[in-house]
Every structure is written in C-alpha cells, then in structure tokens.
Amino acid sequence: MTISEAQQTRPKVLAAIPCFNTEPFIADVVSNARKYVDQVVVINDDSHDGTAEAARTAGALVINHGANRGYRDAIQSPLRREDTWDYLEWMKEAYRMK
C-alpha cells in the first residue's frame, strides 16, 4: 500500500474546540491539537476578543456564533455541518477558561 492509498483509507479525525474569550491561549491549543488530528474546528461562541482571528491564524476552521448560545449549542455546531469525518474529539477546557 502506498502512502497515498493509506491516507485515503485512514479515518478522518476532527478536534472540535468550543470557546468563549480565549484569545490569550487558543492559538497554542489549536497548534498542539493539529499535531494529532486532521482538522481542528473552533466554535467561537460570540467572543468579544480576538479568539476567532487567533484560532484562524493558527490553522483552525472557525465557526462563529452571532450571539452567545452557550456550551451546549457550541458542541452541537460541528454536528450540523456537512463535513465528513470518522472520529470527533471534543476539547472542553478552552470554553471553561474564560
């Protein structure tokens, strides 16, 4: 099996990080998560700082909520998207560290 074939058959793993006002550390969280997964998605729950920009610059796909909907809705946002992935890993701490 070639490397290309292995990449096509390997499961796609997504890390979802709900967050709110996490600009000081979200870039480090995203950068570290990208080492272990295929894609990092940050759910920005109407942060009032530079969370979305910092996450995007670090390489994350950012889903922006236009209003603060809370943790419950933030963790459901990636499930509503049409992306295809095989495994989803939630990273909760970024939301709790306000």
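Readers should treat all values here as calculations from the given coordinates under stated rules, not as data from a laboratory. This one's a predicted model, so the numbers in the text were calculated from it and none came from an experiment. As a convention, Cβ positions derive from the backbone with ideal geometry for all residues, glycine included, and neighbour counts pool all protein chains shown.
Scanning the stretch 53-67 for residues that are in contact with a helix residue (DSSP H, G or I) (Cβ under 9 Å, 6 or more places away or on another chain) and either of a type in the set (G, A, S) or farther than 20 Å from A27 by Cβ (or both) gives A54, A55, A58, G59, A60.
Going by what's in this entry, would A54 be described as part of a helix (DSSP H, G or I), small (G, A, S) and either farther than 22 Å from P11 by Cβ or touching a residue at least 40 places away in the same chain (Cβ under 8 Å) (or both)? Spelling it out, A54 is indeed part of a helix (DSSP H, G or I), small (G, A, S) and either farther than 22 Å from P11 by Cβ or touching a residue at least 40 places away in the same chain (Cβ under 8 Å) (or both).
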